[in-house]
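Presented below is the structure to which this report refers.
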Amino acid sequence: MSADAEGWQSLPPRARTLFLLTDAAGWGLLAVPAIILAGVLLERPLPAMPVAFAALVILPAWGVWMALRRFRYARWLIDGTGLGYRRGRMWQVETRVPRTRVQHVDLKRGPLERHFGLATLVVHTAGTRDRAVAVAGLDAEDASRLRDTLARQIDQDDDDHAAG
């Protein structure tokens, strides 16, 4: 895992494998109804077979491409102001969660994430827009550290408000 000059951290390489498995499988499952539809709507085998084959190849390939892009352009940052999460290339989205808006922090680890030593950090925020920010594909130790850091910041802010 590496950081750029501004401190943004990339996801661990294991996250690429997880993204590839989940995205390719998800898009690959869409090939099943596409193949069935091709068989039902296209009565003759000549047009139905190439359409079915295209669905079987193109949809999982699209999932692989999306997974690689999702991995490559995802970054996170923790600093004194809170958490940052950046994703995308053409339509880059950068989400900043100020520590004063953090309500609580959760870690989610499904079976595949546990297998790859990864976790999803979920930061629940005050307010109505984007009530939670989820950062998937984090190293499990980094996610625990981030959770603990944000929790300490919440406790410090609560202590500051109680003292003031």
Open item on the list: For the chain, take the longest principal axis of its alpha carbons; what is the angle in degrees between that and the long axis of helix 140-163, to the nearest 10 within 0 to 90?
Closed with: 40 degrees
Open item on the list: Below 8 Å between Cα atoms, with a sequence gap of 6+, how large is the relative contact order for the range 58-99 in percent?
Closed with: 28 percent
Task: Per-residue HN-Hα couplings for the range 64-73 [Karplus 6.51, -1.76, 1.60; θ = phi - 60°; Hz; x = Gly/Pro] - done: 4, 4, 5, 5, 5, 5, 4, 5, 4, 10
- [ ] Keeping all protein chains in place, calculate the accessible area per residue for the chain (probe 1.4 angstrom), answer in Å².
- [x] 62 Å²
Open item on the list: Based on the alpha carbons, how large is the Rg to Rh ratio for the chain when Rh follows Kirkwood?
Closed with: 1.14
- [ ] May I ask you to compute the full-extension gain from Ile36 to Asp106, defined as 0.36 nm times their residue separation minus their alpha-carbon distance, rounded to one decimal in nm?
- [x] 21.2 nm
TODO: Pop out the carbon and sulfur fraction of the accessible area of the chain as a percent, whole number, probe 1.4 Å.
DONE: 60 percent
Open item on the list: Taking the full set of protein chains and a 1.4 angstrom probe, give the accessible area of Val57 in square angstrom, rounded to the nearest 10.
Closed with: 70 Å²
- [ ] Kindly state, as a whole number, the per residue volume in cubic angstrom of the convex hull around the alpha carbon atoms of the range 69-152.
- [x] 91 Å³
- [ ] Report the residue, chosen from Leu138, Leu21, Leu41, that carries the largest GNM mean-square fluctuation when the chain is represented by alpha-carbon nodes joined by springs under 10 Å.
- [x] Leu41
Task: Mean separation of Cα contacts under 8 Å, 6 or more apart, over the residue count of the chain: relative contact order % - done: 20 percent
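The values are calculated or read from the model by the stated rules, or taken from the named source; none is laboratory data. Nothing here was measured: the structure is a model prediction, and the numbers come from that model. Side chains included, ligands, DNA and RNA excluded: accessible areas come from the protein's heavy atoms. Shrake-Rupley method; radii C 1.70, N 1.55, O 1.52, S 1.80 Å.
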